[in-house]
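So the structure is just underneath, and the comments pick up after that.
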């Protein structure tokens, strides 16, 4: 079995059976980046390229709009979709947010 150890404490750090997050990219959304867009998609074949992997997205810089919501992010197949949950056609200010996505 492959293991790495923290030499100072003598504790194992990573074992062969551990999963680690593979960062595929980051995205910036909101008024400064995507204008008035209420939603958008990112298509990437790597989401399904590795059998057994689990795609994930994490908001890393969240701002809430005046209607009470940070962006909602879902992944289905090869497509990541982001949307502002309470967005309406008359809402003109989408707060700037960033998220990272990948799999583990």
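The values are calculated or read from the model by the stated rules, or taken from the named source; none is laboratory data. Predicted model only: the values in this text are computed from it and were never measured. Glycine gets a Cβ as well: all are built from the backbone with ideal geometry, and neighbour counts include every protein chain shown.
Looking only at the range 30-54, how many residues end up being assigned to a strand (DSSP E or B) and either in contact with a helix residue (DSSP H, G or I) (Cβ under 9 Å, 6 or more places away or on another chain) or free of Cβ contacts under 8 Å to residues at least 12 places away in the same chain (or both)?
1
So, in the range 55-104, of the ones that are at pLDDT 90 or above and part of a loop (DSSP other than H, G, I, E, B), which residue ends up farthest from residue 35 (Cα to Cα)?
Restricting to residues being at pLDDT 90 or above and part of a loop (DSSP other than H, G, I, E, B), the top hit is 77.
Got at least one residue in the range 13-29 being out of contact with any strand residue (DSSP E or B) (no Cβ under 9 Å at 6 or more places or on another chain), at pLDDT 75 or above, in a loop (DSSP other than H, G, I, E, B) and surrounded by fewer than 16 Cβ atoms within 10 Å (Cβ to Cβ)?
No, there is no match, as no residue in the range 13-29 is out of contact with any strand residue (DSSP E or B) (no Cβ under 9 Å at 6 or more places or on another chain), at pLDDT 75 or above, in a loop (DSSP other than H, G, I, E, B) and surrounded by fewer than 16 Cβ atoms within 10 Å (Cβ to Cβ).
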